[in-house]
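Structure first, then comments.
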Amino acid sequence: LIRLIRSLIFLAFLLVIILFVFRERILKSVVQMTVSHITGFGVDLDNLKVGIFRPVVDIRGLKVNNPADYSDRVMLDLPQLYVRYVPSKILKGNIDISELIVTLKELNVIKNKDGTTNVGELKGMGGVKEEGPKKSASPSKMPGARIGLLKLKLGRVVYKDNSIQPPSVKVYNLNINKEFRDISDFRSVIRLIVVESLLKAGLKDYV
C-alpha cells in the first residue's frame, strides 16, 4: 500500500511537471481552437507566453484567416493580445479575465464577385456560418466566462470590392482606443472588434 501511494504521488508530481513545461504549447492550442470555434474561420498563432509569477498571458501574432474562396489569406491581423486573469477563479473552472487588451493591426473586408463578404460569414455576424437558428440579435453566451475590462486598439480597415471591374481597394486608418466593461461572451469580443472598425470606417452596411 505504501509503495502504491508513493507511485501515485510520483505520477501526480510528474504530471504537474509535464503540464508546467508544456503549459504554453497546450494553451496555444486551446487559444487557437477557441478562436476558431468562435469565428468559424481558421486561426494561426505565432507564440504565447504565460507569466510564472504574474497571472498574465501575452499572445503574439494571432491571425484569423479567411475561407478559401476569398482572395486574401488573413481577415483579422492581431499582433498582440494581453490577458490578465484571476487565478482563483480559473482553478474553480471559471474563465475570469480581469483585463483583456486587444491590438488590431488590420481588418481585411472582402466582397466577392457574387456579393458575399467575409464579414458576413463570421459566426455571430448573422452570416451563413452562424450555428443553428437565430434566436436573438445578440450572440450566444459562453457559460462561466467573464471579462472585466476590454481595451480595443484598432489600427486600420482595408476594404476590397471584387464585385466590380476593376476591383476597388480602399484603406481606412482608424487609430481607435475604446474600453468596454463586464463582458460575459467571448464571441462579443470579435464582434466588437469588427463592428467598431466598420462603423469608424463608414462601412455600416456590413455591420
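Output the residue which, of all residues in region 146-174 that are within 22 Å of the chain's Cα centre (by Cα) and of a type in the set (Val, Ile, Thr), is surrounded by the fewest Cβ atoms within 10 Å (Cβ to Cβ).
Going through the qualifying residues, I end up with Val158.
Does region 96-110 hold any residues that are modelled with pLDDT under 95 and buried (at least 21 other Cβ atoms within 10 Å of the Cβ), and which are they?
Once the filter is applied, which keeps residues that are modelled with pLDDT under 95 and buried (at least 21 other Cβ atoms within 10 Å of the Cβ), region 96-110 yields only Ile97.
From the set of residues in region 36-57 that are under 14 Å from the mean Cα position of the chain (by Cα) and either outside any strand (DSSP E or B) or aromatic (Phe, Trp, Tyr) (or both), which is farthest from Arg191 (Cα to Cα)?
Gly42
Just to be sure I understand the filter: pairs with C-beta atoms under 6 Å, separated by 6 or more residues or on different chains, first member in region 151-175 and free of Cβ contacts under 8 Å to residues at least 24 places away in the same chain, second member of a type in the set (Asp, Glu) and assigned to a strand (DSSP E or B). Which pairs pass?
Listed by first residue and then by second, the contacts come to Ser168/Asp161.
Would region 115-127 turn up any residue that is among the acidic types (Asp, Glu), surrounded by 15 or more Cβ atoms within 10 Å (Cβ to Cβ), within 17 Å of the chain's Cα centre (by Cα) and modelled with pLDDT under 90?
So far as region 115-127 goes, no, none of its residues is among the acidic types (Asp, Glu), surrounded by 15 or more Cβ atoms within 10 Å (Cβ to Cβ), within 17 Å of the chain's Cα centre (by Cα) and modelled with pLDDT under 90.
Go through (1) modelled with pLDDT under 90; (2) closer than 30 Å to Leu203 by Cβ; (3) open to solvent by less than 60 Å² (accessible area, probe 1.4 Å) and name the single condition Ser71 misses.
The failed condition is (3).
The values are calculated or read from the model by the stated rules, or taken from the named source; none is laboratory data. Remember, predicted model here, so these are calculated numbers, not experimental data. Virtual Cβ from ideal backbone geometry, glycine too; neighbours counted across all protein chains shown. Side chains included, ligands, DNA and RNA excluded: accessible areas come from the protein's heavy atoms. Shrake-Rupley method; radii C 1.70, N 1.55, O 1.52, S 1.80 Å.
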